[in-house]
Amino acid sequence: GMVRIPLRKGRSVQEVMREKGVPEGFLKNLRGDPGRKYQLNKS
Amino acid sequence: VAYEPLTNYLDSFYFGEISIGTPPQNFLVLFDPGSANLWVPSTYCQTPACGNHARFNPSLSSTFSSIDVTYTLCYGFGDLSVALGYDTVTIQNIIIRNQEFGLSLSEPSTPFYYLDFDGILGMAYPGIGISGYNTLMQNMLQQSQLAEPIFSFYYSRNPTYSYGGEVILGGVDPQLYSGEVLWAPVVQELYWKISIEEFSIGLSATSWCSQGCHGIVDTGSFRLTIPGQFMSAFLQALGAEESDYGFIVNCSSVPSMPTLYFTISGAQLPLPPSVYVLNNDGTCVVGVESTYVPSASGQPLWILGNLFLRQYYSIFDLANNRVGFAQSA
C-alpha cells in the first residue's frame, strides 16, 4: 500500500541542446507565462 | 496573460519510472501535482520529439483498449495532442488496472524533443483532468491500492541523475523531514492550491497578500513563480538585474541577501538565499519567474515549485484536502 519511487534529476533543455550541438539563440526569444498551465479554459 | 521571456529551458526536472501494458513497457514520467492526466509518447506519433523517447506500442499490449477520443493537453512549456486508451499501469509493486491515459499523437520539438523524461503523470484533482475519465490517483484509491490516501515528495539538497529525491505513494517517511508538519487547507479542489497570508523579504513584510494570495504547490514546476505585479519591487529589494539568463546577482553577495518568508496557516516558512539563488556555472540567478495569471477567484497567484520544495518535504492529503510542509532532511 505504500511505494517509494526514486526520482532522477534530469538535464535542462539548454544542457540537452548544448550536447546535441543545437544553436541556443532562439530559446532566448521564447515567450510565455508559467501560469498558463493553470488556466482551466486552456485545458 | 502577458507573455514574457521564458527561462524554464534553464531548469531541470525530476522524474521516475512507471510501466504501462502487458507485458510492461517502461517510461520515465514527471510526477506532476499541477495537472491531472497521464500521457506517454506512442507509436501513433511520428514527430521527432516522439522518436527521441520511449513510445508506447498499443499493439504489443494484450490489455490495451482504445477510446476513440482525442484531446489537446496544455502545459506551461508547450501543448500536445493525445488519443485516449485504457491499459494496466504498474508503479513499483502496485498494479492499477483499466487506467485511462493519453497516447501522444503529436508533440512539438520545443521543448519535448529536449526533455529527459517521456511523459507526465498528473496528480491534481479530477476536476482539471479530461472529463469523464478517472485520474490515476482516483483509480488507485478506488482499487484500494494505497495504505493511506496520501502522497509525498522529497527532494535531495544534492541531487544527481541517479537520485534526486523520491515520491512516496500512500504515506510519508518521517526520516526525510524534521520537526512538525504544517498543514494548509486546499482552497479549491482543482489544483493543490493554498492560501499565502503574507510574504516578507527579510524583516520587511510586503503586505502584497493583504487581500489574500494563493499558491499552487507544483513539483512539475521548478522555480518560485511570483505574481507579475510584484516582480519589479521584488527584484529591486534583492538588487537583481535582468539578463538573457534571468535575474542575476553577484555570487559573492548571496550570503548577505535576505531570507524570504511565506506566512502559511499562521506560521512563517523561511526560504534562505542559498536555496532561492541558483548558481549556474558561476552565474548566480534568482530562481524566480513571474506570472500574470491570477488565481480563479482573483487573488495574486504564486507557484511553489521544486526550488521551494527542496527546502520543504511536501505531503498531499487527499482525504482531508490539505497540503503539509515540514523541513526537508
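The values are calculated or read from the model by the stated rules, or taken from the named source; none is laboratory data. In this text the structure is predicted, and so the values were computed from the model without any measurement. Here the Cβ positions follow ideal geometry from the backbone for every residue, glycine too, while neighbour counts run over all protein chains shown.
Results, tabulated for the structure shown:
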| read-out | value |
| --- | --- |
| Condition check for B:GLY282: over 26 Å from B:TYR14 (Cβ atoms), away from chain A (no Cβ under 12 Å) and out of contact with any Phe, Trp or Tyr (no Cβ under 7 Å at 6 or more places or on another chain) | no |
| Strands (runs of 3 or more DSSP E) completely within the range B:8-117 that count 1 or more residues being over 27 Å from B:GLY164 (Cβ atoms) | B:65-75, B:78-91, B:94-106 |
| Pairs where the first residue, in the range B:153-164, is within 7 Å of another protein chain (Cβ to nearest Cβ) and the second is of a type in the set (Phe, Trp, Tyr), C-beta under 7 Å, 6+ apart | B:GLY164/B:TYR14; B:GLY164/B:TYR155 |
| First in the range B:233-248 and farther than 17 Å from B:ASP281 by Cα, second anywhere and surrounded by fewer than 20 Cβ atoms within 10 Å (Cβ to Cβ) and hydrophobic (A, V, I, L, M, F, W, C), Cβ under 7 Å, 6 or more apart | B:ALA237/B:ILE201; B:LEU238/B:VAL249; B:GLY239/B:VAL249; B:ALA240/B:ILE248; B:ALA240/B:VAL249; B:GLU241/B:ILE248 |
| Options B:SER274, B:SER295, B:SER314: the member that is touching a residue at least 12 places away in the same chain (Cβ under 8 Å), over 20 Å from B:ASP244 (Cβ atoms) and surrounded by fewer than 19 Cβ atoms within 10 Å (Cβ to Cβ) | B:SER274 |
| Residue list for the range B:151-189, filter: of a type outside the set (Phe, Trp, Tyr) and at pLDDT below 95 | B:SER156, B:ARG157, B:ASN158, B:PRO159, B:THR160, B:SER162, B:GLY164, B:GLN188, B:GLU189 |
| Leading residue by the ranking (farthest from the chain's Cα centre (by Cα)) among those in the range B:176-200 that are in a strand (DSSP E or B) and surrounded by 20 or more Cβ atoms within 10 Å (Cβ to Cβ) | B:PHE199 |
| Any hit, the range B:209-222, residues being out of contact with any Leu (no Cβ under 9 Å at 6 or more places or on another chain), over 15 Å from B:TRP302 (Cα atoms) and among the small types (Gly, Ala, Ser) | no |
| Filtered residues of the range B:309-329 (kept if under 22 Å from B:LEU30 (Cβ atoms) and either charged (D, E, K, R) or under 11 Å from the mean Cα position of the chain (by Cα) (or both)) | B:LEU309, B:ARG310, B:ASP317 |
| Subset of the range B:110-129 [at the interface with chain A (Cβ under 8 Å from one of its Cβ atoms) and touching a Gly at 6+ places or on another chain (Cβ under 9 Å)] | B:THR110, B:PRO111, B:LEU115, B:ASP116, B:PHE117, B:ILE128 |
| Number of positions in the range B:125-159 that are out of contact with any helix residue (DSSP H, G or I) (no Cβ under 7 Å at 6 or more places or on another chain), closer than 17 Å to B:ILE91 by Cβ, among the hydrophobic types (A, V, I, L, M, F, W, C) and part of a loop (DSSP other than H, G, I, E, B) | 1 |
| Qualifying residue in the range B:220-230 (condition: within 13 Å of another protein chain (Cβ to nearest Cβ), part of a helix (DSSP H, G or I) and surrounded by fewer than 19 Cβ atoms within 10 Å (Cβ to Cβ)) | yes |
| Cβ pairs under 8 Å, 6+ apart, first in the range B:130-148 and within 10 Å of chain A (Cβ to nearest Cβ), second of a type in the set (Asp, Glu) | B:ILE130/B:GLU100 |
